[in-house]
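Report on the structure given below.
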Amino acid sequence: MRSDATRRRENIVREARTLFAAHGAGVPLESVAEAAGVGIATLYRNFDSRSALADAVALAILADMGSAAVEALADFRTDPAAAWHTFFTRLVDLDLGALTEALVHYVADDLSGPVRDAQVHTLARVAELLSVAQDAGIVRPDLDALELVLAMGMITRPQPEAIRSATPRLVPRLVDIFEAGMRP
């Protein structure tokens, strides 16, 4: 694939990820194309269906989550508490709510092979980090990797405008409460 075509495809995924996180995976694909600065035909040349785009969003988020876990493991040697907090903060910033939306609405019943493989690989990295954090006494021993990821996805899941307006600090507050509740 040419470099300009690769950049265009990555931009479509980035904009879809942002829109999925803000408005849910049901956002019109025309809105994704517009945000990415391409026409709808270009979006469909890159992703032949909403499911294909949802897969690409899921793969991007899972790759970022796996990288965050690997980086946190490397940082654990110097400052375990800071490494765990940085990882947890990165989970919030990764728009896991977009992953939840993408998977629940479009591919949950029939995950594609690449998404399923990425999910297994990523959860293994998160489980490895979680185990190290538990051994260090930073995280309670009864939390598992899937629970952590699903909880973060639920907390950061897109909310209707009325809820966002009434409680603008809801997500940061819930994140703080969840992080405190993970401590032993």
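The criterion of at least 3 residues that are touching a Lys or Arg at 6+ places or on another chain (Cβ under 9 Å), at pLDDT below 90 and not hydroxyl-bearing (Ser, Thr, Tyr) is met, among helices (runs of 4 or more DSSP H) falling completely within region 31-103, by 96-102.
I'd like to verify a number: residues in region 20-30 that are assigned to a helix (DSSP H, G or I) and surrounded by fewer than 19 Cβ atoms within 10 Å (Cβ to Cβ), how many? Lay out the reasoning, then the answer.
To start, the set of residues in region 20-30 that are assigned to a helix (DSSP H, G or I) comprises 20-23, 29-30.
Next, from what is left, pick out any that are surrounded by fewer than 19 Cβ atoms within 10 Å (Cβ to Cβ): 22-23, 29-30.
Of the residues in that region, 4 qualify.
Scanning region 10-43 for residues being over 28 Å from ILE155 (Cα atoms), touching a residue at least 12 places away in the same chain (Cβ under 8 Å) and not polar (S, T, N, Q) gives a total of 3. Would a scan of region 17-36 turn up a residue that is in contact with an Asp or Glu (Cβ under 7 Å, 6 or more places away or on another chain) and of a type in the set (Lys, Arg)? There is at least one residue in region 17-36 that is in contact with an Asp or Glu (Cβ under 7 Å, 6 or more places away or on another chain) and of a type in the set (Lys, Arg). Do we have any residue at all in region 152-166 that's outside any helix (DSSP H, G or I) and at pLDDT 90 or above? Within region 152-166 (the criterion being outside any helix (DSSP H, G or I) and at pLDDT 90 or above), the answer is no, since none of the residues qualifies.
The values are calculated or read from the model by the stated rules, or taken from the named source; none is laboratory data. Everything quoted here is computed from the prediction, not taken from an experiment. Glycine also receives a Cβ, built like all others from the backbone with ideal geometry; neighbour counts cover every protein chain displayed.
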